[in-house]
Structures are given as structure tokens and as C-alpha cells.
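Please treat every number below as a calculation from the coordinates, not as lab data. These numbers come from a predicted model, not from an experiment. Cβ atoms come from the backbone with ideal geometry, glycine included; neighbour counts cover every protein chain shown.
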Amino acid sequence: MKTITFTLNGRERSFDIEPDETLIDLLRRSNLTGTKRGCDTGMCGSCAVIMDDRAVNACILFAFQADGRTIETIEGVGDFDSPHPLQTAMADTGAVQCGFCTPGIVMTANALLRQKPDAAEEDFNQHLDGNLCRCTGYVKIKEALLSCSARAADKGDA
Amino acid sequence: MNYIDFKSPTQLDEARTLLKELGESAMPVAGSTLHVFLRDESPKVAVDIARLGLSGIRLVDGIFHIGATTTVTALHEHDQPGWVLDRVASEFVTQPIRNMATIGGSSVRVFPWSDLPVALLALNAAMVITGDEERTLDAETFFASQPFHHFALGDLLTSVRVPALTAGQGFAYLKDRRTSTDFSRCTVAAWLSLEDGKIAGVRVAVGAAVPMPCRMPDVEQALMGARPGPKKFEEAVQAGLDTARWKGLHGISDEYARHLASILIVDVLNRAHQEAKGE
Amino acid sequence: MSKRNFNVVNKPLRKIDAMSLALGKPSYVGDFKPADALIIKMLTSPHAHARITSIDISGAETMPGVHAVLYYGNVPRIAHTTAGQGYPEPSPYDTFMFDSKMRFVGDRVAAVAAETTKIAEAALKAIKVEYEVLQPVLRIQDAMKDGAPVIHDEPEARAVIPVPYEPKKNMAAKVDMEIGDLEKGLAEADETIDFQYYNHYAQHCPIEPHVSMAWVDREDRIIITTSTQVPFHCRRIVAQTLDIPVRQIRVIKPRIGGGFGAKQEIVLEDVVAMMALRTKRPVYWEYTRAEEFISSRTRHPMLMRLRLGAKKDGTITAMGLDCTSNTGWNGSQGLTVVCNSGSKMLPLYRCDNIHFLGMAVYTNLPAGGAYRGYGATQSAFAFESAMDELADKIGMDPLQFRAMNHIKSGDTSPVFRALGEGREGVDQAITSCELARCIKAGAKEIGWKKRKPHTSKKGRYRRGIGMACLMQGSAIPEIDMGAATLKMNEDGSFNLLMGATDLGTGSDTVLAQITAEQLGTTLDKIIVYSSDTDMTPFDVGAYASSTTYLSGQAVQNVALKVSKQILKVGADMLDCKASELKIKDSKVVRKQGDGEVTFSEIALYSMYSANQFQIGDISSKIVHHSPPPFAAHFVEVEVDTYTGHVRVVKYVAAADCGTPIHPRLAEGQVEGAVMNGICYALTEEYLFNDKGRMLNANFGDYKLYTLSDLPEMKTILVPSYEKTGPYGAKSVAEIGINGPLPAIANAIHNACGVRLRTGPFTAEKVWRALQAGGEIPFEEGH
């Protein structure tokens, strides 16, 4: 056991970790279960969290790599009384079927929109290429994501 | 991996000392994205080398100096005349992996489907190893076999140097895959330089369809000094294809792997030629 | 078609659980794992076919932190089926919790429950096993050979309904049906075709792998929380397998991270329950992705022979379909899947001479199970490929050929009666069919008119257009039952308690919409609780495209009963006859004149004021029809004739699902199914080595599309009104997956003249066929 400290959803937190513990295991045992485990090999994106402004797969990240950094999980993004626009858009377009991939998609898209608020279709295609969804065929997801870009607002169809 | 401890040095010297002290049990970790492919279960100590300040891209005298822990996303987002690795980085696995994976990690451990080594071979990159003294290996030497052979205890790959593309030169990179995030079945890269309408320099590299990424010397030789064009490229490829040992990955036959290479090499040569012509 | 005015149904309201899921609230089994849960890990067979000659678990049992080790020597040996189907099941009893015989690479050897994953994994390594390796059976054709190794040689293996079952011949199921005379029909034809087709292995790939947990409560009951589509079948089968009474088990289904049929199986729950009993601790078992691929369930691969005959004028004179599925190491859903291969495609086109032969054979490979499309995916590939080939032979446009032959409203088919699910089917006439309009709308969207023969195409990249027509069913008539309980609360809200199992499709929302519509209230007033065997009435579960149609009628019935009670209380309160009242906007109002009471006032009155009783009821439903949804799919592809790569340019799916109760969710069902079908057609496949070990059990090597691969997709809902369904609804969830395989095969042919009859359509296959002038020799794949 060793102690690491990082900023988690805006608060500095310390954790005792095992050297080979992954970030997803640390988060989930800390009751942050919104980060989902879908493959454990970094290939499905349902465990996506934001580390220092970039979306990363928590299942292949060791907890020690988070030491001193800033981590954001779905729990820090929004709540019923203040959902993130991405969460509202996903819910309202029908982009949430089983919902298991949704937190990862929200986190990944969130990282993109922060970097590029007027993200275009190609940006979403590129940035979301690590998030598998088996339910929706991505059509409604794409619609939801595009509606959150400043580009959509410019066109007046947000 | 069976990590029994981890270290998080912040200085290169400190990291090198740790690696020396720990010896065989040390495992440098930068992005950690290759761990899922590693089967070693012996107890190890992880040495986090992502905090050593080894990341960043600088242009020095026409050569890009790329820190070893520069992420693939940084390669992708870098935008400067003569910079071409964005074309490779954009085809690299998925966004969350690009955000963690580093150019160093993708170079020191080579898998058949690795992206960057193929491009670095075609670009004649220089690989800088920091040991008790610093030394530089050209990409062809570095990737001649699994690169760990080049490393002594405490050595780290610290920088990759890639010449900037100049006027009259072209570079292209392609990989064959089933979906946009698939492992490559055949990766090809070509660099080409024109003088007076003739090929003054050319490097062709392949990966995935061969056991280790490698150059295609016979193809290159057949092109040197020649007038470039689709017909010439096809001839050169047919003449030089059999120097490589073709190996089908992921359910494809060796014969088809060879066929893919024959098509893709012509494609990259055509594209590199277009760029060299300034089109 | 008839258009109705609805208040709640047919509206794209927010799916009731969408926001909590988007917020990442604890929802799925794994989110509720108790901190002190023991972790279960399974030691699996490295051999496809073997007998355990010795096993020593002592090293694992005595390891600190290990609480129990289960293997064939210390658990009950009770033959059962893992298929979550109605009782008695149409699938054979050929599976044991643990056995000494290994039937595939991945078969259960021994399970460990330990304090941590690490300890559990270390304990697996401490189990010493010796095997007598037997010859494996890895192909359908090998399984059927005389003298083939017998996979189920145990004496207990048996069918529990009167159907053919010959395990000594590796035959898990057989069905044979003839209407008219196939040979006569073929003789009458001007042109005939006779081709073989092969559908390959694939996995559902729910993003949440199978996961279950269990504990024993203070009354010694086992509480199982599990990601299942069939909570009630799960309870029954676990009780059977553990030899304990049903009453000792409670199954809770929280949100499910996708199922697609994979979770219509009892894959983890028997071991989880047994471990909870043994250890008296909470236990938790989740599959790794690799285990999900290998040891859960797959689509049944199927070897098919299709003979068709037609006259020059386009009349179809004969249809002969032989289907042999590879049901893998157990016979789960083997009979019913292959029955559906016949019953869900043969009625699509009118024909007097029909023969169907269906078989399922055991192999030493992963087990087939229920998978969206359920046999129809397989036969649609053969059928809709062959329709193009036959149209070509008689010189007709394939669209016209289909349009003139497909079943229409008012028609019936003798197949409906002749072929059910493991028994005779049920007669039915088609009461809603807008397939003709689906074809028209889809053809327009894809630009069918600009379609040119492949012989006119040149250049490296060639585009082609293909189509397919499809039908499915809506529930299993006279077999499936769904039930719902509805009760009213003080604020005029209602608890809707259902056995129906939302596996991510949105059925909780759809059923709440139907309930709200019938009650005359709004969606937010319906509090849905679905699938808890202690709390909700029975429902067969989420399969056979049944939930909207079947459970939808159950909730509509109970809402109707409850609204009558509401009117009666309202009449009491307004001092008039119930017949003078109607329900409008969550109120009871006089049809004429003044006077109204709100639902809330009615509820309060019924609970606290006079003649107190709980407004509420329970209702069950079985259905007598299985009205098919219909669809016409169109696709444009681009073939790189140098490499053989096929790119989907545009996909159009026009579907008739009756009234779409929730249009966006209905579109989502189509789009998700189509995308799954496209991946199945082009990239998804199981690679095995020659010893039966799967080589690509991960998302790196087994490829699904991501957003960056998404082609242009267009979904067209063509409404009809199915009068037997709730507010005119039929099913929609499965049918869409059946189209891409044949539509893409036809489009590839139209692009470059290559005809592929074995999936998936890999670049290498296309390239080889191009080299060979259009076809490669037929081969059974994997």
C-alpha cells in the first residue's frame, strides 16, 4: 500500500493503493461506479474518464499514474438538477438505450468540446472512435453530440 | 503486470539511477497502453517516466526533435510546415489510447501491427538513447530486431528525431484494416524525393504483413533515379516484393497479405509522388 | 393503416431512465456489489473435448482467503438446459452445473470464491487437473458423419418435449415439414436455383458482460441480482439445478447493459447461487470480455441449402430450405432457432410447394443461444440472396420479383400453422402489412432507379445497390405470457409492477406510455418497477420480439381495469353513475355538465374516506397471434476491386412495426440492429485454431464499428395499425438485424459481379472471388 493524491472531481483526495491497481478499480471501490467496465483492455471506452483535460481509459491506466493529476469522472459532470448539456442531449435524442456506454461517451465528448467547443462532425468521429455502443448504431448518439457543438447553435438548430 | 511497487521520479537522472538499481525487475511505464499485450507475470517495479519532462516537439535545423514521452495525440495535433507524423497519429488506434500512448513506448516495443516504426523507417528517423553517454541509432538499425537489444541497464529512449519534409519531397502512410480502429493487416509508408523529375531518394517501409516492420530495399533500388509514375511504381513493387516474408495476421492468408502490400505500396508511392510534385 | 390521435403513445418522450443512466447513477449489477463480496473465478477447460481423469482441489481449498471451490464432485448433478425458455423447455436437458466431461475450450472445470480477484486467480492455478483428451468435433459436417465422436454420451441427456433428439448421433434437434410437393414445384418451374449458404459465428457483445451476484438473507433465501432477460425462467432453472424450491430464490434484475439474446440464458446464476449457499457470504461473478465471447452464448452458425423455382412470369413454384445449425457444446435454443429459420422467412413469399428441414447438431465449439433475429437472420441471408439470383435467372428486376410475390394484408400462409416453436404453430392471417410501401419508400431513398448491372461498371472502386425484404414475429402465440400489476398512490401516480424485462430497449418507457395512455394520465405519473420475482407478477421475459406486443397488452389490460375502478370511485364522489363520467387529463369529469375530481382526490378518497380499498389490479395476457413486422432494406456499397474491401456508403431501412409507441426508440431499435447486422456481414467473425480454441476473443481483434465507421443511415418508419396489438403496435427490435447480410451480399454482386454465400464478406473473400471470376468454392466456415 502506498498513498497517492490527486484532484478528483474538483476535490483533492488521497487514496491508499496497490501498485498494480488500475484507476477503474480505485474509482469503483470508492463508490464512483459511473465509470463502467466493459472490456478491461482499453478497447470499448465505457471506462473513459478525463485526466488533465484528455479522455483516457481508466481500465488500462494504473492508479499510480493519476498521482498529482486531475481526474474527472461522470459523477463530477452533472446531476438531476444540473445535467451537462451532453447528458440532456443524450437523454432527449434517444441516444441512451441500455446506457452502459453513455458515461464514457459523455466524458469523451466532454473532453473534446472543452478543447473545441465548435467541434465538427469529423472531430466527433475522430474523438469518439474509442467508444463502443452496441445498442444505438450511433445514429442518435451522433445527433446528440452534434447538437452540443457551438456549430449547431450558430445554425440555430441546437 | 504484477507490480509490487511503483516509483515516480521527476528527473531523468533519478529515473536512470532507479532503473539501474532495480535492474531486471524495473519496468519503465509511460502511457501504459501496451500493458494488455504483455504476458510477463514476474514481480516488477513500475517506474513512471511520464514526469521527466521528456515530452514536446521542437524544430532544430530542419529536424523535429520529439521527446520520447510525447503522446500520439500531441503528434496528431502538432501543426508546422514539414511535419508529417500527424498523418500517422490520426490512424493510431483510438482517441483515449492516442491520449496516453507515447512515441517512445510505441517504438521500444514493436508488435507486427505497430504504426510508428513503419513511418519512422520511411522517414529515416534517428532514435536517441540516453545512457551513461548519449547515442543515436538510425531507425533501420533500431528496428532491425526488438529494440530492447540496444538498451543497457538504465538506458532510456529519450528522443526521436525526424527530418522535416522539404520542397520536392513527399511522404504517405496507409494501413489496411477492417474498421477505423482495427489492428493493421498491412501498414506501408513511403518517403520520396524528386530532383529534375527523377527519384533522387526513396524509402519504402512495411509492417503488419511481415513479422517485423522493415524497409523494402529492392523496391527502393528499382526506383532510384527512375522517372516516377504509377506504371513505374507497379513495376518496382513487383520486382521487389519477394524480399520480404509475408505473413497474414488476423485470419488472412500469407498470399493475401502479400497482395495487400503490392497494392498499398503503389498507393503510398503515388501519394508521396503527388506531394513531392507539389500537388 | 389508420392514424389515431394519441396523448402519450407515438410520442418521442424522454426515456424514463435515460437521465439517470447519462448521469452515471448506480444502475447495473456491478454498481451494487457489496464491499465484502467474495469474487468468483472459473477454471475452464483448455481442451475442446476431454474427460477429467483426476482433479485435486485441495491446494485451492486450503489457500488463505479462499472460501469455497466447486467442481463436479461436490455439487448436485442435475441435467437441465441453460436456455431461458418456457416450461417444459424445447431445449434438451444436456447441461450440468459441473461435469467431468469437457465439451469445449472454455467449459467449466471448477469455480473458486475468494476474498479478492487475485486470490481467486491464484487458487485456480493451484487446482491440479488431468485430462484424457478426446477427438474434437469442429464442423457441422464432421458432427453428422457416421462414427463421429459423441459429444453428449451421458445417460441423462434427453429432450423434455416430444421432439426428435438423438445425442448419439450428435443431433440436438430436428424438424421436417412439407406443404404441397417441393419436387413437383421444382418441376413446374422455368428456372430453378440450388445453392448452399453459411452463416458464421458471432457474439452479441453487450457492452456489459454477463454479471451476477447473490447472497443468502436472514430467512435462508438466496437473493440473486443478475443481468438477465429472463428473471422468472432464471429463478425456475436455478431452483431446478440446485434442487431447492422456487420459493427459496428471489431474482432481481436491475438495469441491464445490453443483452440482444445473450442474457436469455442461465450462464452464471447457478454457480453464484450455489456459492452463496456454500459460503453464506455475498458472492459476485462477472465475465471477462474473453469469457463473454467464449463461454456465454453466440449466434448459431448455420449451413443451409436453398432450392427455389419460379416461372418466367415471376410466380414462385417451389421453396425448399434445409438448415443445419451448429448448436455448439449444448443444445440451448437449438430447436427453436432452427424452427424460426423456417417460420420467419418461408411465409414471406407466396408459394404452394414448400419443404423445410431443420436440424441442430452438437460440436465442441461455443454454444449458440438466442441472438436477435433468432434463426431468421440466418435464413434471411440465404433467402434474400437467392431471390436476387433467381430474379436474375428469370430476367426480372429483383425488386419487382419481390414486390409481386410477398405476403400482403389479408393473406395467410400454411407455414404459420405448420411450424411453431418446437411444436405446431398457430394459424393466422396477416392483419397489417405495409411491406409494399416499405419497398417503395426505401427504393426511392436509395435511388433504386439509377441501379445498373455490374457488367457496366469499370475502374478500381465500384458501387452497387442491393436490397432485402424481411419479416419476424411479435411474441410466441399461445405460449408466452406477460403480466402486470398497477396500483394508485395518493398523488395520482401509479406503481406499474411488471415482469417484463427492459434490457436497454426502453420497454419500461414504452409500457409506461401504454399504461398512461390507457389511464388518461401523463408519463411522469407512472413509476415503473420491472422484474423482481418477489415483487412483480410473472412475465416470460424479454425475447421473441414480445415485450411491446405481449406485455404491452398486459399493461393495457390492467390499466383498463384500474381506470374502471377510478371511474367507480369518481362516481361515488360525484354522486352519479360511472357511465356518466370519462377520464381526461388525470381527472374524472362528467361527460355533460360540470363536476370533476382529480386522480389525486380519487386516490385519497379511496384510501382514507369511504369504502376504502386499494385502487389497483393485476392482469395477464397470452396472445393468439404473432403479427409479423415487415421491413425492406436497401444498401449501397463501394468495392475496392484491388483489395476486395467493401465499404457501406448508405443504408436505408424501411420498417413497418405497426404504431411506433415511441418513434425515437423504435428508430433506435432499427438502427442498432442494422449496425449490428452490418458488422456481422463485414467484420465480425470467430477465428479458431485447429483444436477449437478461439483466437480473437477481444475487441481489438473482433471488430465492431465505432462512430467513425458509421455510414449514412436512414430509417423510415412506415406505420401500419395492427388491430390485435396495443394501440396498433407490433414488434421492431429483432427484424433489423436480418437485412444487412443479404442486402450487402446483393449489393456486392451488383457492384462487381461477386456472389458470396459464406459470411462474413471479408476483403480477402471478395478479392479471391474477383480473381476467380465471381465465385469461390462453397465452404463451411466457422
For chain C, return all DSSP H helices satisfying: extent of Cα atoms along own axis at least 30 Å; mean Kyte-Doolittle hydropathy at least 0.0. C:552-574
Using only atoms on other chains, find how many Cβ atoms lie within 10 Å of each Cβ of peptide B:168-181 and report the average. 4
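Just how large is the dipole of the protein assembly as shown about the Cα centre, in debye to the nearest 20, putting +1 at every Lys and Arg Cβ and -1 at every Asp and Glu Cβ?
2020
In percent, what relative contact order does chain A have, based on Cα pairs under 8 Å that are 6 or more apart in sequence?
23
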Under 10 Å, Cα contacts only: if you run a Gaussian network model on chain A, which one of A:PHE62, A:PHE15, A:PHE100 comes out with the highest mean-square fluctuation? A:PHE15
Compute the helix-to-body angle for A:102-115: its Cα long axis versus the longest principal axis of chain A, expressed 0 to 90° and rounded to tens. 80
Pop a pseudo-label 7 angstrom from the Cα along the beta-carbon direction at both C:GLU61 and B:GLU195 and give the gap in nm to one decimal. 8.1
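Give the average, rounded to an integer, of partner chain Cβ atoms located within 10 angstrom of each Cβ in A:59-68.
5
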Rounded to the nearest 0.05, FRET efficiency between C:ARG77 and B:ILE63 (Cβ-Cβ, R0 56 Å) equals 0.20
Given C:LYS101/C:LYS691; C:LYS33/C:LYS280; C:LYS621/C:LYS714, which pairs have Cα atoms separated by over 26 Å? C:LYS621/C:LYS714
Could you give the nm distance between label points at A:THR70 and C:GLU424, where each point is 7 Å from its Cα heading toward the beta carbon? 7.3
Restricting attention to the alpha-carbon atoms of chain B, what are Rg (one decimal) and Dmax (integer), both in Å? 19.0, 61
Taking only C-alpha pairs under 8 Å that are 6+ residues apart, what is the relative contact order of the range A:2-76 in percent? 40
For the C:LYS714, C:PHE6 Cβ pair and Förster radius 25 Å, calculated FRET efficiency rounded to 0.05 is 0.50
Would you mind classifying the range B:1-133 by shape? Square roots of the alpha carbon gyration tensor eigenvalues, ordered a ≥ b ≥ c; an a/c under 1.5 is rounded, otherwise it is prolate if a/b is larger than b/c and oblate if not. prolate
Take peptides C:110-116, C:463-469, A:118-124 and line them up by average Cβ neighbours within 10 Å, highest first, as a rough protection proxy. C:463-469, C:110-116, A:118-124
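Can you bin chain C into rounded, prolate or oblate? Criterion: square roots of the alpha carbon gyration tensor eigenvalues sorted a ≥ b ≥ c, rounded for a/c under 1.5, prolate for a/b above b/c, oblate for the rest. Walk me through the numbers before you get to the answer.
Details: a/c = 1.82, a/b = 1.08, b/c = 1.68.
Oblate shape, in that a/c is at least 1.5 and b/c is the bigger or equal ratio.
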Mind checking the range B:1-108 for GluC sites (Glu not before Pro) that DSSP puts in a loop (not H, G, I, E or B) and that have at most 13 other Cβ atoms within 10 Å? B:GLU41
Among A:THR22, A:THR41, A:THR102, whose mean-square fluctuation peaks in a Gaussian network model of chain A (Cα, cutoff 10 Å)? A:THR41
Rounded to the nearest Å, what's the spacing between the alpha carbon centres of the range C:129-183 and the range C:441-513? Just the number, please. 34
So if R0 is 51 Å, what FRET efficiency would C:TYR608 and A:ARG13 give, r being the distance between their Cβ atoms, rounded to the nearest 0.05? 0.55
Between C:THR317 and residues 5 or more places away or on another chain, the pairs with built amide H atoms under 5 Å apart involve C:GLY309, C:ALA310, C:LYS311
Span from the the range A:69-140 Cα centroid across to the the range C:237-273 one, whole angstrom: 32
Report, in deg cm²/dmol and to the nearest 500, the calculated mean residue ellipticity at 222 nm for the protein assembly as shown, where each DSSP H run with n ≥ 4 adds -39500 (n - 2.57) and the sum is divided by the residue count. -8000 deg cm²/dmol
If the reach is capped at under 30 angstrom between alpha carbons, list the lysines near B:LYS277, excluding any in the same chain fewer than eight residues apart. B:LYS175, B:LYS198, B:LYS231, B:LYS232, C:LYS458
With label points set 7 Å from each Cα along the Cα-to-Cβ direction at C:ASP146 and C:GLU445, the distance between them in nm comes to 5.4
Within the set B:ASP242, B:ASP196, B:ASP182, GNM on chain B using Cα springs under 10 Å gives the largest fluctuation to B:ASP196
Straight-distance crosslink candidates among aspartates and glutamates, where the alpha carbon sits under 17 Å from C:LYS408 and sequence neighbours closer than 8 are dropped: C:ASP352, C:ASP427, C:GLU434, C:ASP656, C:GLU722
Please identify every one of the chymotrypsin sites (Phe, Trp or Tyr not before Pro) in the range B:112-193 that sits in a loop by DSSP and has no more than 15 other beta carbons within 10 Å of its own beta carbon. B:PHE151
Relative contact order of chain C, please, whole-number percent, based on alpha carbon pairs below 8 angstrom and at least 6 residues apart. 15
Taking beta carbons within 10 Å but only from partner chains, what does the mean come to for residues C:178-190? 0
Compute the Cα gyration tensor for the range B:3-48, then decide on rounded, prolate or oblate, letting a ≥ b ≥ c be the square roots of its eigenvalues: rounded whenever a/c is under 1.5, prolate when a/b is larger than b/c in the other cases, and oblate in all that remain. oblate
Please work out the Cα center distance from the range C:763-782 to the range C:674-699, rounded to the nearest Å. 18
